[in-house]
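Visitor: Have a look at the structure that comes next, please.
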Amino acid sequence: MGKKKTENTIDETLQLNKTNGDLPQYEYVTNPPDGGFGWVIALAAMMCNLVCDGTLFAFGAMKPYLKDSFQTSDMLILMVGSIPCGVYLLVGPIVSGLANKFGCRLIIIIGSIGAAACMLLSTWSKTVYHMMIIYGIFGGIFFGMVYLPSVVMVSFYFDKKRAVANGLVTAGTGIGALSFGPLANFLFSKFGWQIGMYIFAGMMLSCILFGAIMIPLKPQKIPIEYAEPETLPVYNDKSRLPPYSDLENNTKASLLSPIASNDLRTSGGSTAIVPGTDDIAPLVNNSSRARTISTSSKASSGAARMNLSVITNPEDAGRALYRKDIFLSSTHNLNRSPSTHNLSIETGAGKYMASATNIPAQIQQEEAENRKPSRLKAFMDILVAMLDFSILKNKQMLLICIGNIFSMLGYYLPIMCLVSFAIDDLKVPQAKASFLLTVFGAANTIGRFASGWLIFIPYLNSLRVHNGLLFLAGILTCMAAYAYNFTTAALYAGLCGFAIAPHMSLLPSIICDVVGLDRYTNAFGILFLFRGVTSIIGPPAAGYVKDATSRYDMAFAIGGAMIIIAACFHFTLGCFGLSKAEQSATAIQDEPRGPVTDDEEIHPMKTTLTDKTRNHVIEMISTFLLPIFVFVILLKSTFELNDVRFEHLMSLTCNTPVITLHVFSGTENPTWSININQLQTLKNIANQNSIIPSSITSRIMGYQGFSIMCSLIDRVFINGRADIELYLLSTGRHHLSSSIIEHVQAHVGEIIPQGEIDSAFEPNVDCNKVPIRGTDGVPVYDPKTDDGGCFVQKQTLNNCYAYGTDIVTNTFPQPGRGSGKKWLANTCKEMGAASVRDNLIFNGTKLPNNQPKEGHYVALLIWPDTNFHWIRKDANGYWSHKPGGTPVTNVDNTGTKITDPSKSDFAPWTQFCAYYIAKPSNLTIN
């Protein structure tokens, strides 16, 4: 009964409106439900973001496996991960146009299928270049087809509660970032990277379901009533406009309309105030109430068609990308934006929907003339709008784009390089290092939510919070170069993850303040292009630096400098005047409320030079000094963190501590005892808190540091403090040769990242049942599976000779000891003869090109008259080794993979002796 009555009311209204000639009698409006099924849409978008962003963010954990598989440089392998991150931003305008034409639902489904297919096909890549094309370029395109439309659908379904809904979507990105890294490491280590990629492709296919859920909103058909406008006063050029309050009371129209050109029309020498048709509030709610629009009876129907902003095509009303605010994460930001202040002071949901919907004029004209718009029009409108480079004439927008060029050069550095930095430079176990992405992702999620609260603190706003934290993120990234273990790397991951978050969460609000709502979509499209290009360049550039220097510390220092430069560009935004949209809004807000005389001169902006100077000073203090203060605190904390390692030293209490110098590879390290007085002297030196600069070195051979032991469980390892190390060296001069003393003196103060034994690692065999022999074939370089993984679990009990011959003995074996006659001198002749007695086969001094028919090749090097070192050739053609009780590695002192032992850097083992063949089943080593 109620429905029938409503239909009759609509019919009666349309019948009454026939007197208005050919004017549109109805329009279509889509009203966001702000709840209900919208929460299902938000949950589906969250899952799309979880899978899509999680997969891209997990590349840092995937990288070591891909690099070992393709045997290529860091620069090239990082391109595999950076290309999709950049491409899915570059295709943003194209995907937006496709979503506007075909709907977000279809585009997400196609993107899910395409991304999964690219991930599957990438496993068949023969070279890293094939993977760049399949996974990088094509995969990036399809990732973009999943990501962008899912975010758009949430904004289409929510208005007042959009911030909450987008918070849920952001949580998906955070959950994916913190969970997919360890998941990728587990899958790739357990099943291989190809099978792991299959599983990720299967998870990507789940986005088909999430996309199918995203049903587009159905437009509502709303009748339009036409009313005669009130007569408005006309003022000549020399007169002043009436107070805003009077104008508002007389016309009920807002001069703050986004389409200001319809409000002021000039004829001859006078200016008339005409009510803009976009500013008349439609009465829209769940019941079909008519929208009232003022028009003049004297106006022709054709002119009325051109001036009325109504949507008579239901397809256009349902196109999400025609909404000006579709990329805004929260419409509440509009209340803080002078350029869009009108949206917060008007009443009625329909008013907001009318002002926020922007159907191109050509389409409206075609509809008014009953002509069907071009099929590609919905696509081209968005593409052209988003790629309008004229927006760069706005100096503030240009500064933002230039700043983002620099920021994106460093943005992906912790995401893609931090795990490798921990593994290669800090010697953190791979499984443990992957959790650095979890720390980064969790902190980044917290940062995105927290930044929304920080802007409401007095004297802070979006720009100041964004700039201050971006500057801090740059400083932290520079300081990451000084990380020396998992704890310091995790500290960086957490702090940087939090500080970099506002660069994504607050920048949209800043852009809206700068360009206004009308050009917000355009600004977003241009920003996509700038960010996309530099996202592709940044990680490979870091990889190039790593390849050139053999370490990641310089790459992090340069990446941090790029972020700091980006922050400086954003700092300068406060030095410019307001944008045109902001000036227009400010001029109206600053109009005097009382009568205005002809003698008064009204300025569009009332800010004086003194006010500007004061504001700039406040801006600089809040954005520069605060991050610098935090930097000083963090620097002080870093030194204190270094000193924490020596707190244990102060608690040592025994009469004769045992000192061990960690320096040898083949033999047991030299040890000696000191007395209680010497221990006290040592404590006094440590207690001085003298900060002597230390450096992290890529060197893996030779001096590592000293350990001081009172019992098996009461011991402390010392390095990175030259003053303490030199005193410990002086106490053992009578036990050391001159070559050892010279070598240690040359390297005190250096920190070689100590490999941590993974306590969670479980070998495949009982490592106590020795000897454990490898096969007589060529060994595969994989310490976690080599001889059941016992070279990892029993790391400190097996040396270079055990690893070189591929036999676990847990006895620090010596050449000749197993056959009954140990070596007598550290010379090539004596050490070679002892190894032959253990049944190794001499193979000359020429580098072998092929693998032997049985067994594998090993090579002998000597630290003249001091120590020996063995390395072995693996199935991949490279050589690997185990320096003393430290972890297995496949690089030399420069961080370079070993292809020719006679030419690689193993200093101080500088004398190359010869090659031998080791067949584990025939050897008698102990």
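Visitor: Amide H of residue 721 versus every other amide H placed in the peptide plane: which residues, excluding those fewer than 5 positions away on the same chain, fall under 5 Å?
Guide: 749
Visitor: Additional query: Over 18 Å between C-alpha atoms is what I'm after, so list which of 846/903; 829/903; 873/897; 190/432 land there.
Guide: 829/903
Visitor: Output wanted: per-residue J couplings in Hz (rounded whole) for the stretch 109-123, from phi through Karplus 6.51 cos²θ - 1.76 cosθ + 1.60, θ = phi - 60°, x for Gly and Pro.
Guide: Along the stretch 109-123, the couplings run 4, 4, x, 5, 5, x, 5, 5, 5, 5, 5, 5, 5, 5, 5 Hz.
Visitor: Still on this structure: Can you list residues from other chains, or at least 5 along the same chain, whose modelled amide H is less than 5 Å from the amide H of residue 220?
Guide: Under 5 Å from the amide H of residue 220: 29, 30, 31.
Visitor: Counting only other residues whose beta carbon sits under 14 Å from that of residue 824, what net charge do I get with K and R as +1, D and E as -1? Walk me through the intermediate numbers first.
Guide: Values: positive: 817, 821, 822, 829, 837; negative: 830, 865.
Spelling it out: positives minus negatives among the neighbours equals +3.
Visitor: Mind checking which of 454, 483, 500 is farthest towards the positive end of the stretch 390-578's charge dipole, using Cβ charges of +1 (Lys, Arg) and -1 (Asp, Glu) about the Cα centre?
Guide: 454
Visitor: Counting Lys and Arg as +1 and Asp and Glu as -1, each charge on the Cβ, what is the dipole of the stretch 830-926 about the Cα centre in debye, to the nearest 20? Walk me through the numbers before you get to the answer.
Guide: Numbers: 9 positive and 8 negative charges, 57 e Å.
Once rounded to the nearest 20, the dipole reads 280 debye.
Visitor: Right, here's the next one. Once fully extended, how much extra length lies between residue 68 and residue 765, figured as 0.36 nm per residue of separation less the alpha-carbon to alpha-carbon distance?
Guide: 248.4 nm
Visitor: Dipole size in debye (nearest 20) for the stretch 390-578 around its Cα centre, Lys and Arg Cβ +1, Asp and Glu Cβ -1?
Guide: In debye, rounded to 20, the stretch 390-578 gives about 160.
Visitor: Leaving ligands, DNA and RNA out of it, report the carbon-plus-sulfur percent of the accessible area of the stretch 390-578 at a 1.4 Å probe.
Guide: 75
Visitor: Rank by packing, highest mean first: peptides 835-845, 97-107, with packing defined as the count of other Cβ atoms within 10 Å averaged across residues.
Guide: Sorting 835-845, 97-107 by mean packing, highest first, produces 97-107, 835-845.
Visitor: I've got another one for you. Could you go through the stretch 861-875 in sequence order and give the Karplus-derived ³J(HN,Hα) for each residue, using 6.51 cos²θ - 1.76 cosθ + 1.60 with θ = phi - 60°, rounded to whole Hz, and x for Gly and Pro?
Guide: Result, rounded to whole Hz: 10, 10, 8, x, 6, 10, 6, 10, 8, 10, 10, 10, 9, 9, 5.
Visitor: Return one whole number: the accessible area per residue of the stretch 390-578 in Å², for a 1.4 Å probe.
Guide: Normalised by residue count, the accessible surface of the stretch 390-578 is 30 Å².
Visitor: Using a Förster distance of 60 Å, how high is the FRET efficiency between residue 457 and residue 681, based on the Cβ-Cβ distance and rounded to 0.05?
Guide: 0.70
Visitor: Using a 1.4 Å probe and ignoring any ligands, DNA or RNA, find the accessible area of residue 828 and quote it in Å² to the nearest 10.
Guide: Ignoring ligands and nucleic acids, residue 828 comes out at about 30 Å².
Visitor: For residue 392 and residue 924 in one chain, what is 0.36 nm times their gap in residues minus the Cα-Cα distance, to one decimal in nm?
Guide: 184.0 nm
Visitor: Please work out the average accessible area per residue across the stretch 25-96, using the 1.4 Å probe convention, and give it in Å².
Guide: Details: 1730 Å² over 72 residues.
About 24 Å² of surface per residue is accessible.
Visitor: Work out from phi, with θ = phi - 60° and the Karplus expression 6.51 cos²θ - 1.76 cosθ + 1.60, the ³J(HN,Hα) of each residue of the stretch 493-503, listed in order in whole Hz, and give x for Gly and Pro.
Guide: 3J(HN,Hα) across the stretch 493-503, in whole Hz: 4, x, 5, 5, x, 6, 5, 7, 4, x, 5.
Visitor: May I ask you to compute the full-extension gain from residue 554 to residue 487, defined as 0.36 nm times their residue separation minus their alpha-carbon distance, rounded to one decimal in nm?
Guide: Values: separation 67, 0.36 × 67 = 24.12 nm, distance 1.98 nm.
Full extension of this stretch gives 22.1 nm more.
The values are calculated or read from the model by the stated rules, or taken from the named source; none is laboratory data. Predicted, not measured: the structure shown is a model, and the values here were computed from it. Don't worry about glycine lacking a Cβ; one is built from the backbone with ideal geometry, like all the others, and counts go over all protein chains shown. We work out accessible area using only protein heavy atoms, side chains counted, and drop any ligands, DNA or RNA first. Shrake-Rupley method; radii C 1.70, N 1.55, O 1.52, S 1.80 Å.
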